[in-house]
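The values are calculated or read from the model by the stated rules, or taken from the named source; none is laboratory data. What you see is a predicted model, and the numbers here were worked out from it, not measured in a lab. Backbone-built Cβ (ideal geometry, glycine too); neighbour counts: all protein chains shown. Surface accessibility is based on the protein's heavy atoms, side chains included, excluding ligands, DNA and RNA. Shrake-Rupley method; radii C 1.70, N 1.55, O 1.52, S 1.80 Å.
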Amino acid sequence: KKSSYYQEDFPFQGCAITAKFPAKNIAMKGLAIRVGNDANVLFDTDLLRMGAGWTGGYLNDQGVAFSGSHGGHPHIVGEQKFGMKQMPGWADANGEFKDSRKEPFGPLPESWCRYDGLYVNGMNVVLAYTVLETKIHEQPGSTAADGQVAFTRTFQTEKAQADLATILAEVDGATAKT
């Protein structure tokens, strides 16, 4: 169901957002970003992870800010193509992706990573964050060919202050090409 709460001509919506998979895939401080080709991604600003990518819809209007209902929040609508466990999207200084937070919400330690904000140019969104003292700008996107949509992630980094490792996406049975 399309909702009048979301502007079709605005590139993102920020709120707590649930994806369909994997289980318990909730971005408490999520950004649903439109990336063209009727595709969207879910970025988690606490964990700096790309939590999901989907096509054919946007978000439902569940939650107190939208429908007035308590106890829920928006879920993605459409066909989810990838999802990522609720875990850090970037490795720590030891190369591990272990969530070190005492509670399962809030940002990771600032010495590890920090969400710095975003830039908008028309319908394009560029995410800004710092990982292990390295400034990173990321532009999520998509491309379409032969009736298929591919999700893209373009990174611009300053000179790395440490070895950096990220999880680009998780898909059961998928293979990666570089």
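Too long at a 28 Å Cα-Cα cut-off: which of Lys20/Lys135; Lys29/Lys102; Lys81/Lys102; Lys20/Lys159; Lys29/Lys98? Pairs exceeding 28 Å: Lys20/Lys135; Lys81/Lys102; Lys20/Lys159. Rolling a 1.4 angstrom probe over the chain with all protein chains present gives an accessible area of which 51% lies on carbon and sulfur atoms. Pair-distance distribution of the chain: all C-alpha pairs, bin width 10 Å, starting at 0; shares per bin in whole percent are 9, 38, 37, 14, 1.
Between Phe12, Phe155, Phe82, the Gaussian network model of the chain with springs among Cα atoms under 10 angstrom shows the greatest mean-square fluctuation at Phe155.
Rounded to the nearest 20, the size of the Cβ-charge dipole of segment 1-133 about its Cα centre is 360 debye, with Lys and Arg at +1 and Asp and Glu at -1.
For segment 131-178, the alpha carbon positions stretch 40, 22, 14 Å along the principal axes, listed from largest to smallest.
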